[in-house]
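Below is one structure, written out as structure tokens; the observations come after it.
The values are calculated or read from the model by the stated rules, or taken from the named source; none is laboratory data. No experiment lies behind these values; they were computed from the predicted model shown. No Cβ is skipped: glycine too gets one built from the backbone with ideal geometry, and neighbour counts run over all protein chains shown. For accessibility, only protein heavy atoms count, side chains too; no ligands or nucleic acids. Shrake-Rupley method; radii C 1.70, N 1.55, O 1.52, S 1.80 Å.
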Amino acid sequence: IGSLMVSNGQVTGPSMYNAIRCMSSKLFVGGLSYQTDDYSLKEAFSGFGEVVEARVITDRESGRSRGFGFVNYTSDDSASEAMKAMDGQELNGRSIRVSLATERAPRTDGFNRGSNRNFGNAGNDRY
């Protein structure tokens, strides 16, 4: 995620946003109803601490909820408390599952997403 350095009392390195992101705790929330949106997800979890972001993941093509989302807190304690209290609870008519979010492993589906695609030998010259 990056590293921060302290020099003469000043923090240097990635942007302040990244520094805040490093300190926040992220929860995975599964089993969401299709009626749950970002706002209602944030409202449901805001009683446990400051929510930095609450996001319901949607399908790219249809825009419909995929049934899961993420909630970011500013503190580990808030995330832990929310996870214990909300796991198994009902939200918008569905029993939800709440756990600590983990980094997703890189895709190995044969597509090289997010980088230059080289076809044949074009562009493979390295000096």
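Applying the criterion of being polar (S, T, N, Q), at pLDDT 75 or above and surrounded by 10 or more Cβ atoms within 10 Å (Cβ to Cβ) to the residues of segment 89-124, the residue that is nearest to the chain's Cα centre (by Cα) is Ser99.
Annotation note: Cβ proximity below 6 Å between a residue of segment 65-93 that is in contact (Cβ under 8 Å) with a residue 40 or more places away in the chain and under 18 Å from Asp37 (Cβ atoms) and a residue that is open to solvent by 20 Å² or more (accessible area, probe 1.4 Å) and of a type in the set (Gly, Ala, Ser) (sequence gap 6+ or interchain) occurs for Phe70/Ala101; Asn72/Ser24; Leu91/Ala44.
I'd like to know if segment 44-52 contains one or more residues that are in contact with a Lys or Arg (Cβ under 8 Å, 6 or more places away or on another chain) and hydroxyl-bearing (Ser, Thr, Tyr). No, that holds for no residue.
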